[in-house]
Structure formats: C-alpha cells, structure tokens
Amino acid sequence: QVQLVESGGGLVQAGGSLRLSCAASGRAFSDYSMAWFRQAPGKERQFVATISRNGLFVHYTDSVKGRFTISRDNAKNTVALKMTSLKPEDTAAYHCAARESVTSRNVYEYKYWGQGTQVTVSS
C-alpha cells in the first residue's frame, strides 16, 4: 500500500501560479504511476495529468497543456504539479493518485488517493 498527502493549495488570482506537492509513504514509490485529478463542487472527478513510474512519460488533459507541469522525485517520494496562468475554471479540489501499473487517465483505475488540496482561482 501507499499513503498520499497533498499540500500547496490556496487562493490565487487569475494568471497566478501555484505548486502542489504530494508526499507518498509506504511501498516503493517508484512502483507507482502517479496522477493528479481535480473535482469541482457538483462535478465528477476529472483527470489533469499523469506521470510514469520512471518519470519519462507524461500526459495532460487538453485544458491544462502548456500551463501545468507534472514531475516526480523518486528519491524523495514526491510528485508535484506546477500550475501557471491559472484560470477561475481551474478552481477545484486537487487529488493525487497512484496505481501499480502504467499511466492511465481513468479515475477508476487508481486505487490509492490523497485527501485533496483546495485550489481557488479568483477572477
């Protein structure tokens, strides 16, 4: 098993930046593909970005391409999401997730989840 704890959320003006971090503990972090999802009130949880176990492969949802960057440090057991040029529609609770297989955009294929960190972007 792996336990995940997110941090770094907050309130930011449109156009601003935030860096989210997810710390993992438990089994070997490099065994897991990692992803970020987000969920706005009343909406389904949405894929944001994913990174492979070795960090070489990344994928983003179209709405964040060019603005968000996912990265991981297997020595420190962390995965980060750098968010720039933030928009009000980016407002959501952001969750990191882990799966013991290749990367996926499917929320149902992730077994391990963090509790989430709130990102609010004001216009």
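From ALA14, ALA35, ALA80, ALA40, which residue is in contact (Cβ under 8 Å) with a residue 40 or more places away in the chain, touching a helix residue (DSSP H, G or I) at 6+ places or on another chain (Cβ under 7 Å) and not polar (S, T, N, Q)? Even if it seems obvious, please write down each step before you answer.
Details: ALA35 fails: touching a helix residue (DSSP H, G or I) at 6+ places or on another chain (Cβ under 7 Å); ALA80 fails: touching a helix residue (DSSP H, G or I) at 6+ places or on another chain (Cβ under 7 Å); ALA40 fails: touching a helix residue (DSSP H, G or I) at 6+ places or on another chain (Cβ under 7 Å).
Checking each option against the conditions leaves just ALA14.
Search the range 79-100 for residues being surrounded by fewer than 17 Cβ atoms within 10 Å (Cβ to Cβ) and of a type in the set (S, T, N, Q), and hand back the single one that is nearest to ALA35 (Cα to Cα).
The first filter runs over the range 79-100 and keeps only residues surrounded by fewer than 17 Cβ atoms within 10 Å (Cβ to Cβ), leaving 82, 84-85, 87-89, 100.
Now restrict to residues that are of a type in the set (S, T, N, Q): 84-85.
Working: THR84: 18, SER85: 20 Å.
For the range 79-100, the residue satisfying everything is THR84.
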Original post:
loosely packed, with under 14 Cβ neighbours inside 10 Å, modelled with pLDDT under 95 and not small (Gly, Ala, Ser) - does that describe any residue in the range 101-116?
Top reply: yes
Subject >> Which numbered condition ALA98 fails, given (1) more than 15 Å from the chain's Cα centre (by Cα); (2) modelled with pLDDT of 95 or more >> reply: (1)
Original post:
Counting only residues that are open to solvent by less than 50 Å² (accessible area, probe 1.4 Å) and under 12 Å from CYS96 (Cβ atoms), which one in the range 1-16 is modelled with the lowest pLDDT?
Top reply: VAL2
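Just checking, which of ARG67, ARG72 is modelled with pLDDT of 95 or more, closer than 18 Å to GLY10 by Cα, of a type in the set (D, E, K, R) and open to solvent by less than 60 Å² (accessible area, probe 1.4 Å)? Don't jump to the end; show me each part of the working.
On the way: ARG72 fails: closer than 18 Å to GLY10 by Cα.
It is ARG67.
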**OP:** With respect to ASN77, determine if the residue is in contact with a Phe, Trp or Tyr (Cβ under 7 Å, 6 or more places away or on another chain) and polar (S, T, N, Q).
**Re:** yes
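The values are calculated or read from the model by the stated rules, or taken from the named source; none is laboratory data. As the structure is a prediction and not an experimental result, all values here were calculated from the model. Here Cβ is always computed from backbone atoms with ideal geometry, including for glycine, and neighbour counts include all displayed protein chains. Ligands, DNA and RNA are excluded from the accessible area calculation, which covers all protein heavy atoms including side chains. Shrake-Rupley method; radii C 1.70, N 1.55, O 1.52, S 1.80 Å.
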